[in-house]
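Reviewing the structure listed below.
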């Protein structure tokens, strides 16, 4: 079981050295007057300003001189687009100077006479399609999809869940442990997203990486008479509070709508839980299947390999976030 998990983790880690808590590319499009759009976008502060992409506006639009600046939140560019026709139904291209540095894209659209829309693009998506009003699906569906997609972009959160599964071991303990993690991060997600509690984003992101290092050390050392191995639900709930603040930081980046705020928050959280449950189910199913048919063995060497792999990448994330 452990060797299988180690192989899976190594494959995942090989795909990216960054986690979702490196903020995404964010784009805001606001229609200030008929066919006049203020377009603002930024990359996170831990990237160089030279990585700020260009936005390819529709041919029917002209742009003002850009306003470019940097602050603790990131590197920004703002333009005023004047278009001969409506922007709804058009497509905006995203062109990085080199390759996309692994960033997802979050776009917030506020067009005259319409509710604000939020769209999430995967790192490989280079075209932002501005939806027409008939394509609006409502706040609940939009934020449900955003939450589901966000957790699958969140390598650090998924690695933490994978570590919990290794330590919990049995289906019953896994269910209790993941439930504790879910309840804890749901609580702090709500408190932070509603601005009832706010903590420094950089410190939270570094602490999330540290929580993964903690689990990696436990996995390397193996089962012992410690709280982590005896009561993994306690550890999961404690660190779950931290991970909730991480989810909330991204949700604040997306922006909650003024209308349907509670609905959006519940849908985003439900999307996260659905994606997390699917990941846990797939991982447990793979482990059970391989163990049943005897394709993979057990052993301390495989367990240590998984722990070292997770711990190494989590240490990298921690130092990157502290120095960004």
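Rule-based calculations on the coordinates, nothing more; no lab input. All values derive from a computational prediction rather than experimental measurement. Counting neighbours? That spans all protein chains shown, and the Cβs are built from the backbone with ideal geometry, glycine included.
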- Binned at 5 Å starting from 0, the alpha-carbon pair-distance distribution of segment 176-324 in whole percents comes out as 2, 9, 14, 18, 20, 16, 10, 6, 3, 2, 0
- Item | Inter-label distance for residue 179 and residue 252, nm, one decimal - labels placed 7 Å from Cα along Cα-to-Cβ | 3.2
- Query: Given a cut-off of under 8 Å on Cα pairs at least six residues apart, what relative contact order in percent is computed for segment 25-136?
  - Reply: 30
- Rg to Rh for segment 201-249: what is it, with Cα atoms only and Rh by Kirkwood? 1.03
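Is the shape of segment 239-283 rounded, prolate or oblate, going by the alpha carbon gyration tensor and its root eigenvalues a ≥ b ≥ c, with a/c under 1.5 for rounded and a/b larger than b/c for prolate?
On the way: a/c = 2.83, a/b = 1.59, b/c = 1.79.
Oblate, since a/c reaches 1.5 and b/c is not below a/b.
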- Query: Is the shape of segment 25-136 best called rounded, prolate or oblate, per the rule: a/c under 1.5 gives rounded, else a/b larger than b/c gives prolate, else oblate, with a ≥ b ≥ c the square roots of the Cα gyration tensor eigenvalues?
  - Reply: prolate
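Taking only DSSP H segments of four or more residues, each worth -39500 (n - 2.57), what value at 222 nm results for the chain once the sum is divided by all its residues, to the nearest 500 deg cm²/dmol? Could the numbers behind the result be given before it?
Values: 9 runs with 170 residues, N = 324.
So the helix-based figure for the chain works out to -18000 deg cm²/dmol.
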- Counting only DSSP beta bridges with both residues in the chain, tell me the antiparallel percent, nearest 5. 85
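Using mean Cβ contacts within 10 Å as the protection proxy, how do 143-152, 32-41 order, highest first? Intermediate values should be presented prior to the final figure.
On the way: 143-152: 21.4, 32-41: 16.2.
Sorting 143-152, 32-41 by mean packing, highest first, produces 143-152, 32-41.
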- Note on the structure: In nm², the average projected area of the convex hull spanned by the Cα atoms of the chain is 17.2
- Can you tell me the 0 to 90 degree angle between the C-alpha axis of helix 139-153 and the longest principal axis of the chain, rounded to 10? 50
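Could you work out the relative contact order of the chain? I mean the mean sequence separation of Cα pairs under 8 Å and 6+ apart, divided by the number of residues, in percent. Intermediate values should be presented prior to the final figure.
On the way: 547 pairs, mean separation 79.1, N = 324.
Relative contact order here is 24 percent.
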- Angle between the Cα long axis of helix 155-168 and the longest principal axis of the chain, 0 to 90 degrees, nearest 10? 20
